[in-house]
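Below is one structure; the comments refer to it alone.
The values are calculated or read from the model by the stated rules, or taken from the named source; none is laboratory data. Just so it is clear, the structure is predicted and the values come from calculations on it, not from any experiment. A quick note on method: Cβ atoms are made from the backbone with ideal geometry, for glycine too, and the neighbour counts reach across all protein chains shown. For the accessible areas, the whole protein counts, side chains as well, though only heavy atoms, and no ligand, DNA or RNA atoms are used. Shrake-Rupley method; radii C 1.70, N 1.55, O 1.52, S 1.80 Å.
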Amino acid sequence: MLELQNEIKSFDFSFINNLAKNKHKKAYQGIVQYGTAGFRTRATSLDHVLFRMGLLTVLRSQVKKATIGLMITASHNLEIDNGVKVVDPNGEMLETSWEIIATKLANVEDDKVISILQEIIKEQNIDTSLSASVIIGRDTRSSSLNLSQAAVSGIKAMNSKFIDVGVVTTPQLHYFVVSMNKNRDYGIPALEGYYKKISEAYKKIIETTINNGKYSNKVQLDAANGVGALAIKELKKYLNGALNIEIYNSGEGQLNYMCGADYVKQKKISPLNIPINPYVKCVSIDGDADRIVYYYIDKYNQFHLLDGDRIAILVADYLKELLQQSHLNLQLGLVQTAYANGNSTVYISDTLNIPVACVRTGVKYLHHKALEFDIGVYFESNGHGTVVFNESAINTIYMTANNNSLSSIQRKAAQTLSYVIDVVNQTVGDAISDMLLVELILHAKGWDIVTWKKSYSDLPNKQVKIEVQDRNAIITTNEERCCIKPKELQKEIDKIVTKYEKGRSFVRSSGTEDVVRIYVECENDSDIDKMAAEVSLAVYELAGGIGIKPIIPESNKQI
Ligand code: G16
């Protein structure tokens, strides 16, 4: 069980000032920004940022009168980077207005740290005599331990209580924050509580549904050489063979290097070190285990990806079926981003008849939008997503499951839904619980991975990244689907897309890497490389590209 350390006393600003100017002084003079998922940059530039985030989370905890989380990770980035995500009381990412405060505090000169802290206290009207608590976790990067110590140094300097949970996945840290704040209503705040909750609910569903024979419970899992490998090894103990997970890239190689969910999604190829045999179900998770994608190769060695869009559709379709069987009138909705394949959006609205919303990139935006539904499914196509159930939906589901006056079909469907609620990590996208969710659905439907893939065809698509002098020079609107700065760029993109049947493209600056991301999709596979090169060249020329200039292939042949 987690235990809070340290006792609350009043702040000693001269002590904090001394730490800020000496032990945790700025080693990096560039600007760091709280981006899509917190601060993320070279690990060597982050000590002062972590110290200051330690200070800030104590204030945030006093404002929210709740436990706040600090996760040290750079998720899908390579080992050389690191970062920090601040987790708000209900498991959401830090509130946007505080991202600005965090960015300000992270960037001021060492001798201004105290005055900024005082400014925050005044502006936010913080009662600094209140008790505060922070939970801190880290991934397996070699830089993570020192950075977590810098954060602890900040937390201790503010005399706050804290728990250092050590090496955990990002979703586990979110789970801890929520279970601490919800007084255990969400789950027991310990790793054992997390594993038990999701594995027991999974086993209950597996036991009560019939397998028609096509489903195989074998999964080859690429753990990106990250913390997910440790977590999956633990999970296996709780699953007792209910799922046969073979783990690859479990830490012997470099983190996220030619492996992991991001690599597989972007390159559309298998990762290193995973045995590839036709039709074997494979999954890749990312460095902090908050994203997951599925894939297989066919007998012609062709690679087939089942990304976040497909997972969302599988999950939403299954939930809709259970809602129909249990006669529950709950509003189910799905949230995507502009990266979602056009055909997936059409399939959700036209075939599944489920309302679908589009928001900008970043789980924080998807999560909030999903909360508008009774049951909100959200997934980014990169495999980051989950399902959220509101309180009244949860109560209705439990009541229906226990209402003996209803038919056994109705009750059983509601019972299954109640188990699904426990399999899902509602606090944030969680590769591990998402895998269990996908597996229980495939099991219930009796599907192999090929049958799952058959539901609809993706439009050919491609994502590329371009380095520019200043990625902030790109400004977008309309959920990132339209570029308003540099002014001429959108006109150029519009011209390019009209040349291709079902052409669609958008560009946006990444919030986790120093690049501009480009997305293109169109009807014909043979056009996709040319289209991507044309948009890349437009970005390069109009947004200050650096490095090698993109070359447009002469024909529409694939390169
Ligand atoms: C983070 C965010 C995701 C986002 C991804 C890429 O994921 O949590 O919502 O899709 O970054 O963001 P960007 O395109 O801005 O670089 P992770 O798994 O890296 O923490």
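Quick notes on this one:
- Pairs, first basic (Lys, Arg) in segment 359-370, second in a helix (DSSP H, G or I) and more than 8 Å from the ligand (Cβ to nearest atom), C-beta under 7 Å, six or more apart: none
- Boolean, Val468 is in contact with a Gly (Cβ under 8 Å, 6 or more places away or on another chain) and free of Cβ contacts under 8 Å to residues at least 40 places away in the same chain: no
- Against the test of being modelled with pLDDT of 95 or more and not in a loop (DSSP other than H, G, I, E, B), the options Ser392, Ser381, Ser405 yield a single qualifying residue, Ser392.
- In segment 501-508 there is at least one residue matching the filter, namely being within 30 Å of Ala43 (Cβ to Cβ), in contact (Cβ under 8 Å) with a residue 24 or more places away in the chain and within 16 Å of the ligand (Cβ to nearest atom).
- Residue in segment 297-315 that is hydroxyl-bearing (Ser, Thr, Tyr), crowded, with 24+ Cβ neighbours inside 10 Å and at pLDDT 95 or above present: no
- Only one of the numbered conditions (1) over 19 Å from Gln266 (Cα atoms); (2) within 16 Å of the ligand (Cβ to nearest atom); (3) of a type in the set (Asp, Glu) is violated by Glu488, and that is (2).
- The number of residues in segment 87-114 being within 20 Å of the chain's Cα centre (by Cα) and within 16 Å of the ligand (Cβ to nearest atom) comes to 9.
- Only one of the numbered conditions (1) modelled with pLDDT of 95 or more; (2) under 27 Å from Asp185 (Cβ atoms); (3) within 16 Å of the ligand (Cβ to nearest atom) is not met by Ala66, and that is (3).
- Within segment 87-117, the residues that satisfy the criterion of being part of a helix (DSSP H, G or I), in contact (Cβ under 8 Å) with a residue 12 or more places away in the chain and not aliphatic (A, V, I, L, M) are Thr96, Trp98, Glu99, Thr103, Lys104, Asn107, Asp110, Asp111.
- The condition of being assigned to a helix (DSSP H, G or I) and either among the basic types (Lys, Arg) or open to solvent by 10 Å² or more (accessible area, probe 1.4 Å) (or both) holds for Gln415.
- Evaluation of Pro553 against the conditions (1) away from the ligand (no atom under 16 Å from the Cβ); (2) open to solvent by less than 30 Å² (accessible area, probe 1.4 Å); (3) modelled with pLDDT of 95 or more; (4) within 29 Å of Phe303 (Cβ to Cβ) shows that the sole unmet condition is (3).
- Positions within segment 336-356 being in contact with a Pro (Cβ under 9 Å, 6 or more places away or on another chain) and over 10 Å from Ala312 (Cβ atoms), in sequence order: Ser349
- Taken as a whole, the condition of being open to solvent by less than 10 Å² (accessible area, probe 1.4 Å), out of contact with any Phe, Trp or Tyr (no Cβ under 8 Å at 6 or more places or on another chain) and at pLDDT 95 or above does not apply to Leu145.
- Any chance Glu391 is open to solvent by 10 Å² or more (accessible area, probe 1.4 Å) and free of Cβ contacts under 8 Å to residues at least 12 places away in the same chain: yes
- Residue check for Asn343: more than 20 Å from the chain's Cα centre (by Cα) and over 25 Å from Asp88 (Cβ atoms): yes
- Scan of segment 345-386 for residues that are open to solvent by 50 Å² or more (accessible area, probe 1.4 Å) and near the ligand (Cβ under 10 Å from one of its atoms), ordered by number: Arg360, Tyr365
- Checking every residue in segment 267-288 against the condition of being within 24 Å of Cys358 (Cα to Cα), out of contact with any strand residue (DSSP E or B) (no Cβ under 6 Å at 6 or more places or on another chain) and either of a type in the set (Phe, Trp, Tyr) or part of a loop (DSSP other than H, G, I, E, B) (or both) gives at least one match.
- Residue among Val84, Val58 that alone is within 16 Å of the ligand (Cβ to nearest atom), hydrophobic (A, V, I, L, M, F, W, C), touching a strand residue (DSSP E or B) at 6+ places or on another chain (Cβ under 7 Å) and outside any loop (DSSP other than H, G, I, E, B): Val84
- Residue match in segment 157-175 (condition: acidic (Asp, Glu) and open to solvent by 30 Å² or more (accessible area, probe 1.4 Å)): yes
- Test: residue in segment 526-549 that is part of a strand (DSSP E or B), open to solvent by 10 Å² or more (accessible area, probe 1.4 Å) and at pLDDT 95 or above: no
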